[in-house]
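Have a look at the structure below, then the notes.
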Amino acid sequence: QVQLVESGGGLVQAGGSLRLSCAASGTIFSINTMGWYRQAPGNQRELVARITGGGSTNYADSVKGRATISRDNGKNTVYLQMNSLKPEDTGVYYCSADVSTRPSVNFRNYWGPGTQVTVSS
């Protein structure tokens, strides 16, 4: 019905940057809030950043000043630009989106399969 696919992950040195993308496809009428979450081995999944349909953003304290979330509604895509990466940023990054599949239908939450980000020291 609705699929989210992340891209842009990989190996980067500490202090480097990367840009993650997440494209939603399928039966989509509109997308409200989109977000990025991450999970390191042995850790709980945590919020990295979120962006509402109106463009309001929220960031985890650990990435404030280093991460920027943005979206392209025409492409049903959300991005996460991360700079000054640290080893503790390592983890699987997941994309989330609240999607309505047709007019007047409630939004449902969808998740992508994740993309690995590894920051080496």
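List of remarks:
- Within the stretch 56-63, none of the residues are modelled with pLDDT under 95, among the hydroxyl-bearing types (Ser, Thr, Tyr) and open to solvent by 60 Å² or more (accessible area, probe 1.4 Å).
- Within the stretch 8-31, the set of residues being open to solvent by less than 60 Å² (accessible area, probe 1.4 Å), in a strand (DSSP E or B) and either out of contact with any strand residue (DSSP E or B) (no Cβ under 7 Å at 6 or more places or on another chain) or not hydrophobic (A, V, I, L, M, F, W, C) (or both) comprises Gly10, Ser21, Ser25, Gly26, Ser30.
- First in the stretch 53-69 and in a strand (DSSP E or B), second anywhere and surrounded by fewer than 14 Cβ atoms within 10 Å (Cβ to Cβ), Cβ under 9 Å, 6 or more apart: Tyr59/Gly65
- Being within 22 Å of Thr52 (Cα to Cα) and at pLDDT below 95 holds for only one residue in Ser96, Ser104, Ser100, and it is Ser104.
- Some residue of the stretch 72-84 being within 20 Å of Asn109 (Cβ to Cβ), part of a loop (DSSP other than H, G, I, E, B) and either touching a Gly at 6+ places or on another chain (Cβ under 6 Å) or not small (Gly, Ala, Ser) (or both): yes
- Meets criteria (closer than 21 Å to Ile31 by Cα and part of a loop (DSSP other than H, G, I, E, B)) for Arg102: yes
- The residues of the stretch 71-107 that are among the β-branched types (Val, Ile, Thr) and either under 20 Å from Gly42 (Cα atoms) or open to solvent by less than 40 Å² (accessible area, probe 1.4 Å) (or both), listed by number, are Thr77, Val78, Thr90, Val92, Val99, Thr101.
- Scanning the stretch 32-49 for residues that are touching a residue at least 40 places away in the same chain (Cβ under 8 Å), outside any loop (DSSP other than H, G, I, E, B) and open to solvent by 30 Å² or more (accessible area, probe 1.4 Å) yields Asn32, Tyr37, Gln39.
The values are calculated or read from the model by the stated rules, or taken from the named source; none is laboratory data. In this text, all values refer to a predicted model and were calculated from it rather than measured experimentally. Glycine also receives a Cβ, built like all others from the backbone with ideal geometry; neighbour counts cover every protein chain displayed. When the accessible area is computed, the model is the full protein with side chains, heavy atoms only, and any ligands, DNA or RNA have been set aside. Shrake-Rupley method; radii C 1.70, N 1.55, O 1.52, S 1.80 Å.
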